[in-house]
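Note sheet for the following structure.
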Amino acid sequence: IAIQIMGTMLLYAGIRSLMSGNKVALYYILATGMALILLSLWLMMMVTIIVPVTIWSTSLGQIALVWDGLMLSFALAYRIRYLQQEKLTSERLLMLKSRQNHIGELSGNIAHKWRHPLTEVGAIMATLEAKLKYSDKEPKKDEIIQDIKQSTRILRHLSDTITTFQNFFQHHKTTELFSINTELTKLIDFVSDSMKNNRIQIDINCQYDFIIEGNANALSQALL
């Protein structure tokens, strides 16, 4: 009677756990439920109730233990695989979040890198417009050409910034000879405005330059 009561309680708890989404509970239900049934039959055989004494009935106790251990092993294996999948999913989410943060930082650097040059271009255009509209004298041709050249230089700098930004996302598998100092200088120049905005000063003291063979883009990404 005690085994039947305990079996009923365990079966109820297992079903509730399975319904709540715990798939491992199915293995425990099969393991414990079948083991308790076999133990009940074995006990009934011991007191000669219903179950006759045979070579199989006398082994029901051992069969119950083997069955219980086997199913619990399956449950443990399933649980380990589930945890591995959960860990892999968590790692992928962390990598995605890290990549998103990385893109956010690069976008912030782009914003800081573009803000001042765009303001400068706007100032040049506003000054040129004011000269044309409100000046008594016509602006000299050389002054206009100088303003256009300065604007072109700034726009070219913005274009180079976009190229640098794109290079950070490209995965070049080819190796090349490159200067560490050159790549470091390009990187520091790329983040300089963002560093100034956050009141961070970077001092570089390179006594020697090294030419190495490798992936310059991967090195820049790692440093960034």
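Observations, loosely collected:
- For Lys149, the lysines whose Cα comes closer than 24 Å to its Cα, not counting residues fewer than 8 places off in the same chain, are Lys113, Lys131, Lys133, Lys137, Lys140, Lys141, Lys186.
- Computed over segment 1-132, the P(r) tail beyond 17 angstrom holds 75 percent of alpha carbon pairs.
- Segment 184-224, accessible surface, carbon-and-sulfur percent (1.4 angstrom probe): 49
- Charge dipole of the chain (Cα centre as origin; +1 on each Lys and Arg Cβ, -1 on each Asp and Glu Cβ, all else neutral): 620 debye, rounded to the nearest 20.
- Label point distance in nm, Leu158-Ser20, each placed 7 Å from Cα along Cα→Cβ: 5.9
- ³J(HN,Hα), Karplus 6.51/-1.76/1.60, whole Hz, each residue of segment 198-207, x for Gly, Pro: 9, 6, 10, 10, 10, 10, 10, 10, 9, 7
- Only Lys, Arg (+1) and Asp, Glu (-1) charged, at Cβ; segment 182-224 dipole about Cα centre in debye: 220
- When the alpha carbon gyration tensor of segment 80-192 is reduced to an equivalent ellipsoid, its three semi-axes come out at 47, 18, 9 angstrom, largest first.
- Residue-count net charge about Ala25 - beta-carbon cut-off 12 Å; Lys, Arg +1, Asp, Glu -1: +3
- Solvent-accessible area, 1.4 Å probe, carbon plus sulfur percent, for segment 1-143: 67
- Adding -39500 (n - 2.57) for every DSSP H run of four residues or longer, then dividing by how many residues the chain holds, sets the calculated 222 nm ellipticity at -27000 deg cm²/dmol.
- Cα pair distances of the chain binned at 10 Å [whole percent]: 6, 17, 15, 11, 9, 9, 9, 9, 7, 3, 2, 1, 0
- Solvent exposure of the chain, expressed per residue, is 75 Å² of accessible area, with all protein chains present and a 1.4 angstrom probe.
- Computed packing ranks the peptides 37-43, 91-97, 8-14 as 37-43, 8-14, 91-97, most packed first, by mean other Cβ atoms within 10 Å.
- Dipole of segment 172-224, positive end: most advanced residue of Ser220, Ile180, Val191 [Cβ charges, Cα centre]: Val191
- Only Lys, Arg, Asp and Glu carry charge here, each on its Cβ (+1 for the first two, -1 for the last two); on that basis segment 10-143 has a dipole of about 80 debye about its Cα centre.
- Our coupling estimate for segment 87-98, obtained by passing each phi through the Karplus curve with A = 6.51, B = -1.76, C = 1.60 and θ = phi - 60°, is 5, 5, 5, 5, 5, 5, 5, 5, 5, 5, 5, 4 Hz, Gly and Pro reported as x.
The values are calculated or read from the model by the stated rules, or taken from the named source; none is laboratory data. Values in this document were obtained by computation on a predicted structure and should not be read as measured data. Backbone-built Cβ (ideal geometry, glycine too); neighbour counts: all protein chains shown. Accessible surface is based on the protein model in full, side chains and every heavy atom, while ligands, DNA and RNA are left aside. Shrake-Rupley method; radii C 1.70, N 1.55, O 1.52, S 1.80 Å.
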